[in-house]
Amino acid sequence: MSDGESDPVYKASSSKFQALDSEDFASDSSSGSIQRKKNQKVPTESVPPVKDFTPRGLINAGNLCFLNATLQALLSCSPFVQLLQRIQLQDIPKADSPTLAAFSEFISELDVPSSSSIRNNVTVVEAGRPFRPAMFEGVLRNFTPDVLNNMSGRPRQEDAQEFLSFIMDQMHDELLKLKEQSPKVTASKSSVISSANDDDDEWETVGPKNKSAVTRTQSFVPSELSEIFGGQLKSVVKAKGTKASATVQPYLLLHLDIHPDGVKGIEDALHLFSAQEDLEGYRASVTGKTGVVSASKSIKIQKLSKIMILHLMRFSYGSQGSTKLHKGVKFPLELNLNRNHLVSLSNESLRYELVATITHHGWDPSKGHYTTDARRKNGQWIRFDDASVTAIGTKQVLHDQAYVLFYKQV
């Protein structure tokens, strides 16, 4: 199904986990006007092992492939599915937690007996009946408040990566609210990230080769979601005549610049992400005088995430509209990080396996179509194209036009 022809007039706000210069970590989730869900409370002492749900297509009633592709990709992330199973056992108020409530209803709808089989060459896929993800209507209303009809005949296409960032931010905030409301949990802020705010504490730390840096901190409360997708980035600015300045901030996605000619694959993009860059016009106070000095900046990963989401920055938005970069970028089934990407080596595994990709088809970000390739627990790859569910081989998975990649730490 081809999606809409209109340019987007609304851009979702960037995730507060994404940018190193972000300074706003306050909860901003909207409760909407959805009525409270009347579910019977279920004890949460035991949660069954993560289930490999029967694949089911999602019906596209008009410009909803960005939603469908995002949901199918997230279902390939087993720690996230386990989180949804735990959420499913709770009484989630829709008015206060519309995103969590939508996912709870979504995971319940998925858990139905298989009704059909699809044969692709010699591979047979057991697939359930496609359904409409109508439970996300309230979530879409919060994502695009200017769109009146959110589930059918939407006037435009949306950016799947922006929607992914939006729902992850919303889930993070809603999970923290539930934690604060729980009588068994005393919410307390943990200083697990740093940021350059005026009221931050700062201290001097000594790193390798006895070189010191000034680090500023800000409190950040982790959630069950950030424990899955969240990591930490450390940005270090070195200016001539001053101590190095270090900033550590959280991320849920890594945004990779693929525009340079030297970027042929994901490994090249990660190398560019961690490479030192010169800062032009950097002003610093040296010996009491403020002026422009030579400076450089580098970004490395301080804490790895269990699920690493890599956003290939194909889309550009400006006053003249939106454009898409169509260059081929190769990616592997198994991604091995190296010490050049990290602040320091630890006991964390540096090996990741591909579990899903989201691909945008078409020439214009405001039009086109999204599909998802996802790996099942048995290693079988499935292509989700709205209501269509098809078995594919790894050669079809490893094309070079992916937009978002999902890797699981192993």
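The values are calculated or read from the model by the stated rules, or taken from the named source; none is laboratory data. Owing to the predicted nature of the structure, the values given are computational and were not obtained by experimental measurement. Cβ atoms come from the backbone with ideal geometry, glycine included; neighbour counts cover every protein chain shown. With ligands, DNA and RNA removed, areas are computed over all heavy atoms of the protein, side chains included. Shrake-Rupley method; radii C 1.70, N 1.55, O 1.52, S 1.80 Å.
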When residues of region 237-256 are limited to those that are within 20 Å of Y282 (Cβ to Cβ), open to solvent by 30 Å² or more (accessible area, probe 1.4 Å) and not basic (K, R), the one modelled with the lowest pLDDT: G241
Enumeration of residues in region 219-251 that are in a loop (DSSP other than H, G, I, E, B), free of Cβ contacts under 8 Å to residues at least 60 places away in the same chain and of a type in the set (A, V, I, L, M, F, W, C): V221
Unmet requirement for A269, which otherwise passes all of (1) assigned to a strand (DSSP E or B); (2) surrounded by 17 or more Cβ atoms within 10 Å (Cβ to Cβ): (1)
From the options R383, R351, residue that is at pLDDT 95 or above, within 19 Å of L312 (Cβ to Cβ), among the charged types (D, E, K, R) and out of contact with any Gly (no Cβ under 7 Å at 6 or more places or on another chain): R383
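Please go through region 380-393 and pick out each residue that is open to solvent by 30 Å² or more (accessible area, probe 1.4 Å) and assigned to a loop (DSSP other than H, G, I, E, B). Working first, answer last.
Of all residues in region 380-393, those open to solvent by 30 Å² or more (accessible area, probe 1.4 Å) come to 380, 383, 385, 387-388, 390, 393.
Residues satisfying the conditions are Q380, A387, G393.
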Number of positions in region 360-379 that are in contact (Cβ under 8 Å) with a residue 60 or more places away in the chain and either part of a strand (DSSP E or B) or polar (S, T, N, Q) (or both): 9
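Give the residue, chosen from K324, K330, that is in contact with a Leu (Cβ under 8 Å, 6 or more places away or on another chain) and of a type in the set (K, R). Quick ask: steps written out before the conclusion?
Numbers: K324 fails: in contact with a Leu (Cβ under 8 Å, 6 or more places away or on another chain).
None of the others qualify; the one that does is K330.
Looking only at residues that are in a strand (DSSP E or B) and out of contact with any Lys or Arg (no Cβ under 9 Å at 6 or more places or on another chain) in region 279-302, which one is least open to solvent (accessible area, probe 1.4 Å)?
Residues of region 279-302 in a strand (DSSP E or B): 279, 283-286, 289-292, 295-302.
From what is left, the residues that are out of contact with any Lys or Arg (no Cβ under 9 Å at 6 or more places or on another chain) are 283, 285, 289.
Values: R283: 146, S285: 73, K289: 151 Å².
Checked region 279-302; the qualifying residue least open to solvent (accessible area, probe 1.4 Å) is S285.
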Cβ pairs under 8 Å, 6+ apart, first in region 319-344 and of a type in the set (G, A, S), second part of a loop (DSSP other than H, G, I, E, B) and open to solvent by less than 60 Å² (accessible area, probe 1.4 Å): G321/S366; S322/P8; S322/D364; S322/P365; S322/S366; G328/Q401
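Considering each residue of region 317-359, count those that are among the hydroxyl-bearing types (S, T, Y), assigned to a loop (DSSP other than H, G, I, E, B) and open to solvent by less than 60 Å² (accessible area, probe 1.4 Å), and give that number. First the steps, then the outcome.
Residues of region 317-359 among the hydroxyl-bearing types (S, T, Y): 317, 319, 322-323, 344, 346, 349, 352, 357, 359.
Imposing the further condition that a residue be assigned to a loop (DSSP other than H, G, I, E, B) reduces the set to 319, 344, 346, 349.
Add one more test, that the residue is open to solvent by less than 60 Å² (accessible area, probe 1.4 Å), and what stays is 349.
Final tally of qualifying residues: 1.
Out of all the residues in region 360-377, which are among the charged types (D, E, K, R) and either more than 20 Å from F80 (Cβ to Cβ) or open to solvent by less than 30 Å² (accessible area, probe 1.4 Å) (or both)?
Step one: of region 360-377, the residues among the charged types (D, E, K, R) are 364, 367, 373, 375-377.
Of everything in region 360-377, those that are among the charged types (D, E, K, R) and either more than 20 Å from F80 (Cβ to Cβ) or open to solvent by less than 30 Å² (accessible area, probe 1.4 Å) (or both) turn out to be D364, K367, D373.
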